[in-house]
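As structure tokens, the structure follows; a few thoughts come after it.
The values are calculated or read from the model by the stated rules, or taken from the named source; none is laboratory data. It should be emphasised that the depicted structure is a prediction, and the values quoted were computed from it without experimental measurement. Cβ sites come from the backbone with ideal geometry, for glycine too, and all protein chains shown count toward neighbours.
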Amino acid sequence: MINVSKPYLPPIDEYNKYLQRIWENNWITNHGPLVTELERKLEDYLEVKHVHFISNCTTGLQIAINAAEVSDEVITSAFSHVATINALLWTNCTPVFVDIDPKSLCIDTSAIEAAITDKTTAILVTHVYGNPCDVKRIEEIAGTYNLKVIYDGAHAFGVKIDGRSVFNYGDVTAVSFHATKLYHSVEGGAIITNDDHLAQKCRLMSNFGISQNTPEMLGINGKNTEFHAAMGLCNLPKVPDFIAKQRLLSEAYKKQLSRFGLRYQEIAANIDYNYSYFPVIFPSEAALLSVKEVLEENAIYPRRYFYPSYNDLPYYKSAYCPVSEDISKRVLCLPLYYELSVDEVKLIAGIIVSKTNALKRVRSYSISSI
Ligand SMILES: *Cc1c(COP(=O)(O)O)cnc(C)c1O
């Protein structure tokens, strides 16, 4: 069986060394020494000012929204994990959907200004599959209309723009270290910002708003444990290997799948990409479904991600987003993870190629027989 992703588990001896330290410290949660060590190492690795390790990205988004005093209408896109939209709804904000750019799959910045009203307080958008949004244009718009900018950077660990971490943009970014992401700490995430005041506020808010045993502001529990930090510390040195391997596998897919009319997300030349996902865009939903079916018959499980487009949730319906709806019907993430082999990629691509050829034969047969 091949799943869309497979969490990397470090050699158990490596994890045991950290467990040993947890037992020696006799400290298991509430911002212990391993959490602190992980935060410092992440700050160095990412070259950002403040990394605050938290329980998960979703809570991180909610804390960031409250810390940045975002309320009312927030510009976002419907082509993301439902957690992005849920974080806004959970904090009583109103998501205002702007469609995506069909090439980058991130928010279409040319459509943002038309969606801004006097109730808009922020732009909260996702670096989709790790491909950065047009951060410079978003910064300009935010400057003109005095809006906060929060990024959902769940997919963007290790991504750089002009050689600098993508997490340097916006007021604050929430990142996910969930088991299915490129870099994981089982469950977990981080709030990242270069703003000292915001960093301090996010820290307090994720600890019930308590400072020196006294509640100072409204908070929640967003803390993470020494055990999760231990997994994060084990996996961090491997990130360059994860990226290099997933790059190799992505290139192997592209080589095998060339000439088949599939389209890919376009990533600009100034981006150091992290190869966290391998999304392919089929010419039609029918083509996607038939390929998905034949892969599943072979115990290969790709994922429709993101599907559906979230402008039409059962609990929140909003504007029509034609590009987001169209892409979400046609995009499929193929298996991609560190321990996948090039031979497995060839196998998966081979199944897709033969199915696509068979579909083409059926189609030309039916056309020529009319
Ligand atoms: C995975 C994901 C999240 C949620 O992350 P958790 O750490 O599981 O809360 C949020 N946004 C996006 C874009 C994601 O892919």
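Restricting attention to segment 97-108, does a residue exist that is surrounded by fewer than 24 Cβ atoms within 10 Å (Cβ to Cβ), among the basic types (K, R), assigned to a loop (DSSP other than H, G, I, E, B) and away from the ligand (no atom under 16 Å from the Cβ)?
So far as segment 97-108 goes, yes, one or more of its residues are surrounded by fewer than 24 Cβ atoms within 10 Å (Cβ to Cβ), among the basic types (K, R), assigned to a loop (DSSP other than H, G, I, E, B) and away from the ligand (no atom under 16 Å from the Cβ).
Given the options E251, E216, name the one that is among the charged types (D, E, K, R), farther than 21 Å from L336 by Cα and modelled with pLDDT of 95 or more.
E216
Restricting to segment 145-172, name every residue that is under 19 Å from K41 (Cα atoms), more than 16 Å from the ligand (Cβ to nearest atom) and touching a helix residue (DSSP H, G or I) at 6+ places or on another chain (Cβ under 8 Å).
Across segment 145-172, the qualifying residues are K160, S165.
Looking at segment 240-288 only, could you name the residues that are touching a residue at least 12 places away in the same chain (Cβ under 8 Å), more than 24 Å from R164 (Cα to Cα) and assigned to a loop (DSSP other than H, G, I, E, B)?
Of everything in segment 240-288, those that are touching a residue at least 12 places away in the same chain (Cβ under 8 Å), more than 24 Å from R164 (Cα to Cα) and assigned to a loop (DSSP other than H, G, I, E, B) turn out to be F260, G261, L262, F282, P283, S284.
Return only the number of the condition from (1) buried (at least 18 other Cβ atoms within 10 Å of the Cβ); (2) closer than 23 Å to A156 by Cβ that Y18 does not satisfy.
Result: Y18 fails condition (2) only.
Quick check on this structure: which one of L88, L38 is under 17 Å from the mean Cα position of the chain (by Cα), surrounded by 19 or more Cβ atoms within 10 Å (Cβ to Cβ) and either among the aliphatic types (A, V, I, L, M) or assigned to a loop (DSSP other than H, G, I, E, B) (or both)? Break it down into steps so the answer makes sense when it comes.
Details: L38 fails: under 17 Å from the mean Cα position of the chain (by Cα).
Going through L88, L38 in turn, just one is under 17 Å from the mean Cα position of the chain (by Cα), surrounded by 19 or more Cβ atoms within 10 Å (Cβ to Cβ) and either among the aliphatic types (A, V, I, L, M) or assigned to a loop (DSSP other than H, G, I, E, B) (or both): L88.
Yes or no: segment 17-31 includes at least one residue that is in a helix (DSSP H, G or I) and closer than 19 Å to T120 by Cβ.
Scanning segment 17-31, I find no residue that is in a helix (DSSP H, G or I) and closer than 19 Å to T120 by Cβ, so the answer is no.
Quick test for you: out of V186, V172, pick the one residue that is among the aliphatic types (A, V, I, L, M) and either touching a strand residue (DSSP E or B) at 6+ places or on another chain (Cβ under 7 Å) or without any contact (Cβ under 8 Å) to a residue 24 or more places away in the chain (or both).
None of the others qualify; the one that does is V172.
Select from segment 109-158 the residues that are aromatic (F, W, Y), without any contact (Cβ under 8 Å) to a residue 60 or more places away in the chain and buried (at least 21 other Cβ atoms within 10 Å of the Cβ) and list them in ascending order. Explain how you work it out, then say what you get.
Our first condition is that a residue be aromatic (F, W, Y); within segment 109-158, this holds for 129, 145, 151, 157.
From what's left, without any contact (Cβ under 8 Å) to a residue 60 or more places away in the chain: 145, 151.
Scanning segment 109-158 gives a single hit, Y151.
Taking the condition hydrophobic (A, V, I, L, M, F, W, C) and free of Cβ contacts under 8 Å to residues at least 24 places away in the same chain, does M217 pass?
In short, yes.
Being away from the ligand (no atom under 15 Å from the Cβ) and surrounded by 23 or more Cβ atoms within 10 Å (Cβ to Cβ) is the filter here, so list the residues in segment 47-67 that pass it. Please lay out each step first, then the result.
Looking only at segment 47-67, we keep the residues that are away from the ligand (no atom under 15 Å from the Cβ), and these are 47-50, 66-67.
Within segment 47-67, A67 is the sole residue that qualifies.
Just need a number here: residues in segment 173-207 that are under 17 Å from N274 (Cα atoms) and more than 16 Å from the ligand (Cβ to nearest atom).
Number satisfying all stated conditions: 0.
When you go through S328, S318, S284 one by one, which is the residue that is of a type outside the set (D, E) and in contact with a helix residue (DSSP H, G or I) (Cβ under 8 Å, 6 or more places away or on another chain)?
On inspection, the qualifying residue turns out to be S284.
Being assigned to a loop (DSSP other than H, G, I, E, B) and over 22 Å from the mean Cα position of the chain (by Cα) is the filter; apply it to segment 308-323 and report the residue that is surrounded by the most Cβ atoms within 10 Å (Cβ to Cβ).
S318
I'd like the full set of residues that are aliphatic (A, V, I, L, M), over 14 Å from I107 (Cα atoms) and not in a helix (DSSP H, G or I), limited to segment 127-186.
If the condition is that a residue be aliphatic (A, V, I, L, M), over 14 Å from I107 (Cα atoms) and not in a helix (DSSP H, G or I), then L147, A154, A156, V159, I161, V172, A174, V175, A179, L182, V186 are the ones that fit.
Just to be sure before I move on: is I85 farther than 14 Å from T193 by Cβ, within 10 Å of the ligand (Cβ to nearest atom), of a type in the set (V, I, T) and in contact with a strand residue (DSSP E or B) (Cβ under 7 Å, 6 or more places away or on another chain) in the structure I sent?
yes
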